[in-house]
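Heads up: the structure comes next, in structure tokens.
Values in this text are rule-based calculations from the coordinates and carry no lab data. Keep in mind that this is a model prediction, so the values were computed, not measured. With ideal geometry, Cβ positions are generated from the backbone for all residues, glycine too; neighbour counts draw on all protein chains shown.
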Amino acid sequence: MSIYPYVLNELLDELNRPTIFDQHFGLGIPSSDLVSVIPYRASYYRPYHRHAQPRDSGTSQLLNDKDGLKINLDVQQFKPEELNVKVVDDFLVVEGKHEERSDAHGFIARQFTRRYKLPKDIDVKSLQSKLSSDGVLQLSAPKLQALTNENERTIPIIHTNKPALQQQPKESAEDKEKKATK
């Protein structure tokens with residue numbers, strides 16, 4: 001049996017450790033940030049393996065497909081009146097802010113701003129925002145319809161099943177002389 005998988009597993013575990021650049025904010029300090037940095041072996045318990053899941057607060061999902069733009073943003077920490085959605089130039093801006101209030105760990109104040117660059121083919125005037133009961137802000141906008149000229153008309157093609165050029169009977173030399181003398 002090789003030791004290679006154990007060494008590789010230990011190195012990969014260190015790379016998977018959450019960082020400050022993760023999207024997970026507003027949930028307090030993860031226990032992995034409080035653990036002293038000591039070399040663990042592959043069989044040791046690592047508390048940072050339980051880092052925040054993608055469903056946790058502050059994460060967003062963006063989908064731009066053939067139907068339009070769809071954005072889901074988790075804002076469960078905010079009340080509807082603490083949220084603001086607006087379009088500035090060609091950016092969609094979502095803001096949330098609440099003043100200091102108490103929670104299970106003490107007092108907390110939160111504020112965030114998310115900006116999304118809107119694609120050129122999105123109908124900004126049809127942009128909709130909905131807040132679900134579980135705290136997910138759903139933003140959606142359809143694609144722009146292809147511009148058509150009102151004077152433009154498509155003409156259907158009819159198949160006749162007849163040749164366009166019909167062969168004419170060959171003229172004899174006598175017929176050519178008669179036409180020339182006339």
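Here are some notes:
- Shown for the range 57-146: lysine pairs separated by 8 or more places, or found on different chains, whose C-alpha atoms are under 22 Å apart, numbering 28.
- Label-point separation, V124 to E177 (7 Å along Cα→Cβ), nm: 8.5
- Cross-link reach is defined here as a Cα-Cα straight distance under 29 Å, omitting same-chain residues fewer than 8 places apart; for K179 the lysines meeting it are K170.
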